[in-house]
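The values are calculated or read from the model by the stated rules, or taken from the named source; none is laboratory data. From a predicted model like this one, the values you see are computed outputs, not experimental measurements. Virtual Cβ from ideal backbone geometry, glycine too; neighbours counted across all protein chains shown. Surface areas here come from the heavy atoms of the whole protein model, side chains and all, with no ligands, DNA or RNA. Shrake-Rupley method; radii C 1.70, N 1.55, O 1.52, S 1.80 Å.
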Amino acid sequence: MGQDASPQLGDELFARLVDYGTPQETRPGDVLFRPGDVDVDLIVVARGSVDVIRTETADVPAGTVAKVRAGGFVGELSLLTGQNVYLLCLVREAGTVYRVTPERLRELMANDGELSDIIFRALIARRELLQRSAGARAVEIVGNPRSAAGLALRTYAARQRLIHVWLDADSPAGEALMGSSGLTEDDLPAVVMPGATLKRATPGTLGQQLNLTYHRSSKKPVDVTMVGAGPAGLAAAVYGASEGLDTVLLDAVGTGGQAAASSRIENYLGFPFGLSGADLTGRAVLQALKFGAQLASPCQAVKLDTDRNGGRVRLHLPEGDFLDSKAVVIATGARYRALPLERWPDFEGAGIYYAATELEARGCVGSPVTVIGGANSAGQAALYLAGRGSDVSLVVRGSDIAAEMSAYLVDRLLVHPRVTVRCRSEVTRLDGADFLEEISITDRAANTTRAQPCAGLFCFIGAEPATSWLTGIATVDNGFIRTDVQLNNADLGPAWADLGRTPLPFETNVPGVFAVGDVRSGSMKRVAAATGEGASAIASVHKAISGFGYRLPKQERAGDHDARDGRRLARTGTLLVPEDFRGVRIVASELEPPNGIEPLTSLSARCARSDAASSGWP
């Protein structure tokens, strides 16, 4: 880690690095950047030396974080995320530095693989070292560990990998910070940083203060915008940016999506010992940043114009801002459903959770908890919580836990001494004062109800698509978005005739607007499937942007043979075939597939019916 954070560049590599910069002569005491500065440069020290300093706050004195001598460079991951700096860079010994602007740094990352790998590793290593050092005290968050507002802020900071320290309000350190900063209980959660104190802070106000929300830097449309930073959106961003597209990724909450709520994923290809959802999506964020994608979070898309005025798609953002794109990929995913129980909203974030990570679980260690759900996410949560010393009741509405859960999870749950599986059961009552304390579980088979203590209720049921902000996009009745094979002539407006093509794989009924992952009707609710869809959709984005669609040959009419497999085309209806068939529209009410192969029309209908089933993340 230390070697990665402070790489020794040879003469040739150092010369390549300074070629991207502009020289500046320095004198002792010169300020190269200070807390609050935005769009700072990578500082390459050719002669002399500089200090990186954490400035004093109400409860922490100033301190030196790093000393950088000739041959080194100053910067960490905020150079790529766009976050404003919270440290001071001061010249200690006179000399020469080279300033590499953010634009030139992007060029370096794109053009020099060897040098970019060294710098990228250093930026990541420094972020991790700073998080574990006194440098993290530059951003202090204080709040009630079991309040919904405190959990939301803490989750955002963790998912964004912000350098910060969290202080429980009732701890000695938390009380000291509140006293020195003049904070009261009514001000919590609060953020204390150089030059600013945020009272009743939210992810939105913190993101805005740190310059992590979206800022339109040009009136030109970007190539592609992904809405939603779960596995599907992240995969699309990685592949879009790596293939040269000007890529923006927006998320209303924080990167990671529903997958980040998973404590452990063991069936993802290439990770035989498993990893957490937050680790997996965190790595994807780094990949997207490396290739030049711009990430903005929290940044909520509130409306999508579907008229493609001027050949572009306009996304409306809060406070009247907007973002124009040549293409948009909707990857907003699906949310777990709440139960229609009295006081459910009162306990959300205060005993009721939709994730089971260290942040949610730390208030429940050793106390009885309940997990609701019968798919993989519920099973993983139950095992994780049991492993932290809690007695876990796994409440499953169905009669068989194996119906929707992977076998390896079922086997472990059934033999775990701290897990009790209760099938054909439901949570029917909640009790507590400010925090959840007790629940009632009704056994539908025995027609009995029993109350039991509960320090945490972890809910992983159903899948509700995040599509309420959309209009003009074709969906099935339950709100999931229909694409390519699921669209028919009635869905397609005159814009398609003007384009002379049919929807590409993953394209919706609006040209240039795509849907991937859980939000798409018929998708498989798994991390690997979501990443595959996000990556695959970029091929269609390229085709849409370039203006090349696949046209049905004029001589091909109803009743003609399809040259690809000799099957007969019927005379009524339409069906779009997937990418294997290169987007050709087949005029058909029902194909005659080879024996044993399910017709795509019935397959699409069956997949659409599965959307409302329990989400099986991962």
Karplus-derived HN-Hα couplings along region 278-295 (A = 6.51, B = -1.76, C = 1.60, θ = phi - 60°), whole Hz, x at Gly and Pro: 5, 5, 4, 6, x, 5, 5, 4, 4, 4, 4, 5, 4, 7, x, 5, 9, 9
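Packing-wise, with mean Cβ within 10 Å as the measure, how do 415-427, 452-464 rank, highest first?
On the way: 415-427: 16.5, 452-464: 22.3.
Ranking, from highest mean packing down: 452-464, 415-427.
For region 3-102, what's the relative contact order in percent, using C-alpha pairs closer than 8 Å and at least 6 residues apart? Each step should come with its number before you reach the end.
Values: 219 pairs, mean separation 44.4, N = 100.
Once normalised by length, the contact order is 44 percent.
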Using amide H atoms built in the peptide plane, which far-off residues or other-chain residues are under 5 Å from Phe514 H to H? Val328, Val329, Ile330, Thr508
Could you compute the FRET efficiency for Asp168 and Asn489, with r as their C-beta to C-beta distance and R0 at 56 Å, rounded to 0.05? 0.40
Give the residues of region 25-54 whose amide nitrogen is closer than 19 Å to a point set 7 Å from the Cα of Asn111 in the direction of its Cβ. 41-44
Mean Cα-pair separation over length for the chain, i.e. relative contact order, pairs under 8 Å, 6 or more apart, %: 11 percent
Taking amide hydrogens as modeled 1.01 Å from N in the peptide plane, which residues meet the under 5 Å criterion relative to Phe322, leaving out close sequence neighbours? Leu317
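Pairs to check: Lys326/Lys543; Lys303/Lys326; Lys220/Lys303. Give those whose C-alpha atoms are more than 23 Å from each other in this structure.
On the way: Lys326/Lys543 11 Å; Lys303/Lys326 16 Å; Lys220/Lys303 19 Å.
Result: no pair exceeds 23 Å.
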By the Kirkwood definition, with r running over pairs of different Cα atoms, region 344-461 has a hydrodynamic radius in Å of 13.9 Å
With a 1.4 Å probe and every protein chain left in place, work out the accessible area per residue of the chain in Å², rounded to a whole number. 43 Å²
Considering only the other residues whose Cβ falls under 14 Å of the Cβ of Lys67, what net charge follows from Lys and Arg at +1 and Asp and Glu at -1? +2
Inter-label distance, nm, simple model (7 Å from Cα along the C-beta direction), Asp321/Lys199: 2.6 nm
How much length is gained if the chain between Ala497 and Arg121 is pulled fully straight, taking 0.36 nm per residue apart and subtracting their Cα-Cα distance, in nm to one decimal? 130.5 nm
Determine the gain in length on full extension of the stretch Ala407-Trp344; use 0.36 nm per residue of separation and subtract their C-alpha separation, reporting nm with one decimal. 19.5 nm
Got a sec to turn the phi values of region 31-39 into Karplus ³J(HN,Hα) couplings, 6.51 cos²θ - 1.76 cosθ + 1.60 with θ = phi - 60°, whole Hz, x for Gly and Pro? 9, 8, 7, 9, x, x, 5, 10, 6
With a 1.4 Å probe and all protein chains kept in place, how much accessible area does Lys303 have, in Å² rounded to the nearest 10? 100 Å²
Calculated from backbone phi, Karplus (6.51, -1.76, 1.60) coupling profile of region 204-210 in Hz, x at Gly/Pro: x, 5, 5, x, 5, 4, 8
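Could you order peptides 8-14, 165-171, 308-314, 524-530 by the average number of other Cβ atoms within 10 Å of their residues, highest first? Could the numbers behind the result be given before it?
Values: 8-14: 12.7, 165-171: 17.1, 308-314: 15.3, 524-530: 21.7.
Taking the mean over residues of other Cβ atoms within 10 Å, the ranking is 524-530, 165-171, 308-314, 8-14.
Evaluate E = 1/(1 + (r/R0)^6) for Ala445 and Glu266, where r is the Cβ-Cβ distance and R0 equals 51 Å; express this FRET efficiency to the nearest 0.05.
0.95
Carbon and sulfur: what percent of the chain's accessible surface (1.4 Å probe)? Display every interim value, and only then the final one.
Working: 13290 of 26640 Å².
The value for the chain is 50 percent carbon and sulfur by accessible area.
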For Arg335, which sequence-distant residues (separation of 5 or more, or a different chain) have an amide H within less than 5 Å of its own amide H, given hydrogens modelled in the peptide plane? Glu464, Ala466
